[in-house]
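Below is one structure, written out as structure tokens, with a few remarks after it.
FYI, it's all coordinate maths here, none of it is from the lab. Every value quoted in this text rests on a predicted model; they were computed, and no experiment measured them. All Cβ positions, even for glycine, are placed from backbone atoms using ideal geometry, and neighbour counts span all protein chains on display.
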Amino acid sequence: MKTAGIIGHPVAHSLSPVFQQAAFDYCGLDVRYERWDTPADVLATRVASLRWPESLGANVTIPHKEAVFLLLDELGGQSARVGAVNTIVNREGRLFGFNTDGPGFVAALKNEAVFDPAGRRVLLLGAGGAARGIAFALGEARAAEVAIWNRTPERAARLAGDVAATGATVRATGSTDPAGFDCIVNCTSVGMEGTGTEAASPCDFATAAPGALAVDIVYKPENTAFLAAAKAAGLPVLGGLPMLIYQGALAFELWTGVPAPVEVMFEAARRALDAQRR
Ligand code: NAP
């Protein structure tokens, strides 16, 4: 029996245990995926335990995505540039950090919305942790342009500068106007359950080009005010669940080397979300 789990605080409502366990079971892998509620003062001890031979590694969520950096041996993919790790892999006692949020987002775009960002213009709303991963991944996927708007403009400017340093065409913008963009992504927490902003959308779609894709990475609720406004304007939409599943699928593949059973993961997550709603 091997173990994996999610490190965060709190983790009680995380969907990862549900769909990761479903994936391990479906693939016939003898792995138990656990919830590891980890206050900051025991983070180092928890991460050290991932070096044990029975450990595959872990997912990392709020508030530890940055803090785990110093506890790892090597950083893979874009995690060093992004400044955050959401996946830890144990390879014979050495801990490797990855960030699968951005690549998971791009995989969701390609597989679930049939939208390849290469050569396309994307407006990102938000410049927090999730937006950072997504902006680097869109640059890597050769988007023609990424424009970043944020409530706190300095943060958008800093992120645009960091991503532009990789050679991508990225700029900060002071406007949420979707005109001229092929894809508009809500990476803010506006619309998320429990924030008091459930009825709000960070932009309106009156000037959006016909056929522009609206993506909300918020997945609770599934149908946010942002997505409802985009649908009302006749635009295609993608919710936040696919990104969650694909970031998890990439983590699963890093741990196991086995292709992730994405449909099984979707089904388990949807069932859990339905149960939480009841
Ligand atoms: P974060 O680092 O705390 O960033 C929050 C972002 O939202 C910042 O850009 C912040 O702007 C903005 N914001 C918050 N309240 C706002 C308001 N009232 N008006 C305008 N902007 C506001 O959070 P995060 O980790 O990036 O997560 C952002 C959202 O994405 C959350 O809802 C999270 O659940 C979701 N998410 C989904 C996935 C997925 O797999 N689907 C993965 C990660 C995150 P300021 O900089 O001005 O504060």
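Structure above, values below:
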item	result
Under Karplus coefficients 6.51, -1.76 and 1.60, residue-wise ³J(HN,Hα) of the range 233-238 in Hz, glycine/proline x	8, x, 9, x, 9, 9
Residue among Ala275, Val215, Ala108 farthest towards the positive dipole end of the chain, charges placed on Cβ	Val215
Local electrostatic count, Asn150, Cβ distance below 12 Å [Lys/Arg +1, Asp/Glu -1]	+3
The chain: relative contact order in percent, alpha carbon pairs under 8 Å with at least 6 residues between	16
Relative intensity, log₁₀ I(q)/I(0), of the range 114-235 from a Debye sum that treats every alpha carbon as a point, q = 0.15 Å⁻¹	-0.61
Cross-link reach list, lysines versus Lys220, counting only Cα pairs under 27 Å and skipping chain neighbours closer than eight places	Lys65, Lys110, Lys231
Quotient of Cα Rg and 2.2 N^0.38 Å for the range 89-150, N being how many residues it contains	1.28
Size of electric dipole in the chain: Cβ of Lys, Arg +1 and of Asp, Glu -1, about Cα centre, debye, nearest 20	200
Extreme residue, positive dipole direction of the chain, given options Leu241, Thr176, Ser16 (C-beta unit charges)	Thr176
Cβ-placed point charges (K, R +1; D, E -1), dipole of the range 114-235 about Cα centre in debye, nearest 20	220
Cα-centred dipole magnitude for the range 193-278, charges only on beta-carbon of K, R (+1) and D, E (-1), debye, nearest 20	160
Tilt relative to the chain, helix 241-256 - C-alpha long axis, 0 to 90 degrees, to 10	30
Equivalent ellipsoid dimensions for the chain as semi-axes, Å, which come from the Cα gyration tensor, largest first	31, 21, 17
Residues Ser175, Ser49 arranged by fewest to most Cβ contacts within 10 Å	Ser175, Ser49
Per-residue [θ]222 nm for the chain (sum of -39500 (n - 2.57) over DSSP H runs n ≥ 4, rounded to 500)	-10500 deg cm²/dmol
Rounded to 10°, Cα long-axis angle of helix 101-112 versus longest principal axis of the chain	70
The chain: angle of helix 153-164 to the longest principal axis, Cα-based, in degrees nearest 10	70
